[in-house]
1. Once amide H atoms are placed 1.01 Å from N in the peptide plane, what residues at a sequence separation of 5 or more from GLY46, or on another chain, have their amide H within under 5 Å of its amide H?
2. In the range 1-78, if every C-alpha pair distance is counted and binned at 10 Å from zero, what percent goes to each bin?
3. Provide SER52, SER38 ordered by accessible surface of protein heavy atoms (probe 1.4 Å), highest first.
4. Subtract the Cα-Cα distance of PHE22 and ASN58 from 0.36 nm times their separation in residues, and report this length gain in nm to one decimal.
5. How much of the accessible area of the range 1-82, in percent, comes from carbon and sulfur atoms when a 1.4 Å probe is used?
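The values are calculated or read from the model by the stated rules, or taken from the named source; none is laboratory data. These numbers were taken from a predicted model, which means no experiment stands behind them. Note: accessible area is taken over every heavy atom of the protein model, side chains too, but ligands, DNA and RNA are not part of it. Shrake-Rupley method; radii C 1.70, N 1.55, O 1.52, S 1.80 Å.
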Amino acid sequence: MVLAVIILSSVKLGIDTYLTNFQPWMNYFFAFFFGVESVIKIISFGFVLDKSSYLRDNWNRLDFIIVVCSFIDVFVTSIDLSFVKILRLLRALRPLRLIS
């Protein structure tokens, strides 16, 4: 399921390259979905204190940064600032999760 949503998110990112504001509600869905996934992982592994906790794994650190940036992007989407565009570019790193 997560793999399918990652692929859909990547397709949406590619479409956003050529079409502006294509289905903006999908950004909210992806941010919510991956945020819930991160919370579930944090609850199951622990956040940072245990040896095998969520933030001790490099792939989870990358995922956490992408999720936080996605939430920032969603909350400030109406503001057209250059750093918001950089945050949107970080979403392109999400397909790297397919490796792990």
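1. TYR54
2. Taking all Cα pairs of the range 1-78, the binned fractions are 18, 45, 27, 9, 1 percent.
3. Order by accessible area, largest first: SER52, SER38.
4. Going from the current span to full extension adds 9.8 nm.
5. 71
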